[in-house]
1. Just checking, how many residues over segment 319-360 are assigned to a loop (DSSP other than H, G, I, E, B) and without any contact (Cβ under 8 Å) to a residue 24 or more places away in the chain?
2. Please indicate, with yes or no, whether at least one residue in segment 246-255 is of a type in the set (S, T, N, Q), modelled with pLDDT under 95 and within 17 Å of the chain's Cα centre (by Cα).
3. Show the residue pairs meeting these rules: Cβ distance below 9 Å; 6+ apart or different chains; first residue within segment 71-92 and at positive phi; second residue charged (D, E, K, R) and open to solvent by 10 Å² or more (accessible area, probe 1.4 Å).
4. Determine whether segment 191-209 contains at least one residue that is touching a residue at least 60 places away in the same chain (Cβ under 8 Å), farther than 29 Å from T32 by Cβ and in contact with an Asp or Glu (Cβ under 9 Å, 6 or more places away or on another chain).
5. In segment 314-349, what residues are farther than 13 Å from C139 by Cβ, open to solvent by 50 Å² or more (accessible area, probe 1.4 Å) and of a type in the set (S, T, N, Q)?
6. So which pairs qualify, if the first residue must be in segment 20-41 and of a type in the set (D, E, K, R), the second must be open to solvent by 20 Å² or more (accessible area, probe 1.4 Å), the Cβ gap must be under 8 Å, and the two must be at least 6 apart or on different chains?
7. Does M42 satisfy being of a type outside the set (D, E, K, R), touching a helix residue (DSSP H, G or I) at 6+ places or on another chain (Cβ under 8 Å) and more than 15 Å from S121 (Cβ to Cβ)?
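The values are calculated or read from the model by the stated rules, or taken from the named source; none is laboratory data. This is a predicted model, so every value here is computed, not measured. As a convention, Cβ positions derive from the backbone with ideal geometry for all residues, glycine included, and neighbour counts pool all protein chains shown. When the accessible area is computed, the model is the full protein with side chains, heavy atoms only, and any ligands, DNA or RNA have been set aside. Shrake-Rupley method; radii C 1.70, N 1.55, O 1.52, S 1.80 Å.
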Amino acid sequence: MRKTLLTGAAIGLVMAGPAWADIKIATAGPMTGQYASFGSQMRAGAEMAVEVINAAGGVNGEMLVLQLGDDACDPKQAVAVANQFAGEGVVFVAGHFCSGSSIPASAVYAEEGIIQISPASTNPKYTDERPGAGILRVCGRDDQQGLVAGNFLAETYPDKKIAFVHDKTAYGKGLADATVAAYEAAGGKPAMFEAYTAGEKDYSALVSKLKSESIDVLYVGGYHTEAGLLARQMREQGMNTVLMSGDGLTTAEYWAITGEAGEGTLMTFSPDPRKAADAAAVVEQFRAKGIEPEGYVLYTYAAIQAWAQAANTAASTDFEPVVKALDEGTFNTVLGTLEFDDKGDVTLPGYVVYEWKAGAYDYLQK
């Protein structure tokens, strides 16, 4: 059950009258730090969703008020953000981004009766081991993503030397493990499997090892910052190695790091929602404001759409009736029509392979 703290701020809200009717929701992710480009995506998606929903009359006739939480993709900071939201009366969180943040934060949300729908956390443990109802996601899972990547690598590069590296995070290692498992199941034999430390600027020692082993393809379980440096430093050492990774590369900042060294980079991501007919009007709204809805912008928007539709169906923002509506309902979102299964995973198409060309990513053309 939610813990109610009668702080001075809370008392002020009670006395203010109409302001008490506002519904507090939030998004949380890396608003600062090396992955802040993804936090910016989440903020943009959340702000637009709240703007559109409020313009249409809000939720059950009440206006949404958006709060932002910065976890910097740090597990301890994510728990602190979750506790802060609980103390402030937030009823729903579209977040977090990193699996390593979403998983510990979910324990707080489950205890406090706050619904959490992650737009981006793909580690299977997030839903497989969820601490209670009301913990969901609108993105896919690493075992789905790894299966696509592993099979692609085995089929596309059957006679090539493929190395796998990861950043030791819940996301990066989980994705690398799933990809290696699928690759081996398809008959592949990894040439290398190693970890690297996130946040460093010089990976020349790892790159030199890859070069000495004549690695043809490097699979990176991690985020765009380190993958971008690896791509650039491989080219600086004269390597033509193909770099492949996952949805942690879905930001224009990847190309800002790599420049032309990013040409030909491969990655897996869900079908691009910007291309869907259901999202066309919303995509234009974003672009009219100078925002390109790349990566997880529309996923954050969809998470809020699903919760808002469930709250309207339930005629309430209370935890149990909204969870029931989420578990039983079908929701029309910018990602398409979606439902949630018994674990809280979404019933949407899986993953496809993309290629970076001239500063943008698009479906790989074979």
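1. So the count comes out to 6.
2. no
3. Going by the 9 Å Cβ cut-off, the qualifying pairs are G89/R2; G89/K24.
4. no
5. Scanning segment 314-349 gives T330, N332, T337.
6. Short answer, once both residue conditions are applied: D22/E62; D22/M63; D22/V65; K24/V65; K24/Q67; K24/E88; K24/G89; K24/V91.
7. So M42 fails the test.
To keep it simple, each residue is scored yes or no on (1) in a strand (DSSP E or B); (2) touching a strand residue (DSSP E or B) at 6+ places or on another chain (Cβ under 8 Å); (3) among the acidic types (D, E); (4) under 30 Å from K173 (Cα atoms).
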residue: M244; (1), (2), (3), (4): yes, yes, no, yes
residue: G264; (1), (2), (3), (4): no, yes, no, yes
residue: P271; (1), (2), (3), (4): no, yes, no, yes
residue: F286; (1), (2), (3), (4): no, no, no, no
residue: G290; (1), (2), (3), (4): no, no, no, no
residue: A306; (1), (2), (3), (4): no, yes, no, yes
residue: A311; (1), (2), (3), (4): no, yes, no, no
residue: T317; (1), (2), (3), (4): no, yes, no, no
